[in-house]
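Take a look at the structure set out below.
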Amino acid sequence: MTAVISDTDILSTFGKIDRVNLLQRLFQHVHVAPAVYWELLQAERMGFLWVASIKAAVELLPLTASESQQAERLSLRYPQLGSGEIESFVLAQTHHLLCLTNDRQAKAVARALALPYLDLEEILRAVKTRQLLTVEALSRVIAEIEEQDHTRITAKDQILGS
């Protein structure tokens, strides 16, 4: 099993449908950067109940002084990214972690930095490949994600059929 570092987007997607356990079953450790943890705390203060299950499932990975400096440099180079993505990428580089993100700009930067990542559709494919859910149950999860997260999973037919 692989250790990963996730951005807020992926965590909130699974948190909203109360299926953070799928990430825990897929990956040995699910880490978050300090900025991502802060974003989760902000969401919790705003009353989002799904944050509690995420906080229980993730491991906060602090930045060293050197990593903080790297994050500052990276944020100047990629101002389109938030601090959560920036810190996650720095930690992914230094700790050799797989990134979880569904943000289009973050995926482009991950490619530019040669960082391996999985997006939402790839995570759902992994759930199917690892047989963590039946096709019917996975279909329900996809429907819940689309409804609760107000997103469209364009490859759902390929995910369910492949």
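Only the coordinates and a few stated rules stand behind these numbers; no lab work does. Predicted model, so just to flag it, every value in this text is computed and none were measured. Counting neighbours? That spans all protein chains shown, and the Cβs are built from the backbone with ideal geometry, glycine included.
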**Study point:** Charged-residue dipole, Cβ positions (Lys, Arg, Asp, Glu), segment 2-120 about Cα centre, Debye nearest 20
**Key:** 200
Practice item. Quick one: compute the contact order of the chain, relative version, from alpha carbon pairs under 8 angstrom and 6+ residues apart, as a percent. Key: 27
Practice item. At 10 °C and 1.306 mPa s, grab the translational diffusion coefficient of the chain from Stokes-Einstein with a Kirkwood Rh over Cα pairs, rounded to a whole number in µm² per second. Key: 99
Check your understanding: When the chain is modelled as a GNM with alpha-carbon springs shorter than 10 Å, which of 66, 75, 83 fluctuates the most?
Key -> 66
**Study point:** Estimated FRET transfer efficiency (residue 121, residue 45; beta-carbon r; R0 45 Å; 0.05)
**Key:** 0.90
Revision key, fill the gap. In degrees rounded to 10, the 0-90 angle between helix 65-77 Cα long axis and the longest Cα principal axis of the chain is 80
**Study point:** Around residue 134: net Lys/Arg minus Asp/Glu count, Cβ-Cβ under 11 Å
**Key:** +1
Review point. Once the Cα atoms of helix 34-45 and of the chain are each reduced to a long axis, what angle between those two axes, in degrees from 0 to 90 to the nearest 10, is obtained?
Key: 60
